[in-house]
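The values are calculated or read from the model by the stated rules, or taken from the named source; none is laboratory data. Model, not experiment: these values are computed from the prediction. Here the Cβ positions follow ideal geometry from the backbone for every residue, glycine too, while neighbour counts run over all protein chains shown.
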């Protein structure tokens, strides 16, 4: 891609720095995802699909939903929103 000279949807290539790649939110999210997958054997998609038919999938889905609600409350309390973490839009207008 870099051999072409210009990206297709922007004026220049924006390569991430090492600081942009890994932050605390990403590391904690990856750990929680791995714990959920290891303990239940389900990803969020399979847990959502199986929630109506399997009781353990329902518990998984409800705890995942609770985590989303807690994160939303934490974000609102401390003034952090998704927009605070996004620096550049993917496509230039």
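Points to keep in mind about this one:
- When residue 7 is tested against (1) at pLDDT 85 or above; (2) over 13 Å from the mean Cα position of the chain (by Cα); (3) surrounded by 11 or more Cβ atoms within 10 Å (Cβ to Cβ), only condition (1) is not met.
- The stretch 31-82, residues that are at pLDDT 90 or above, under 19 Å from the mean Cα position of the chain (by Cα) and surrounded by fewer than 10 Cβ atoms within 10 Å (Cβ to Cβ): 38, 45
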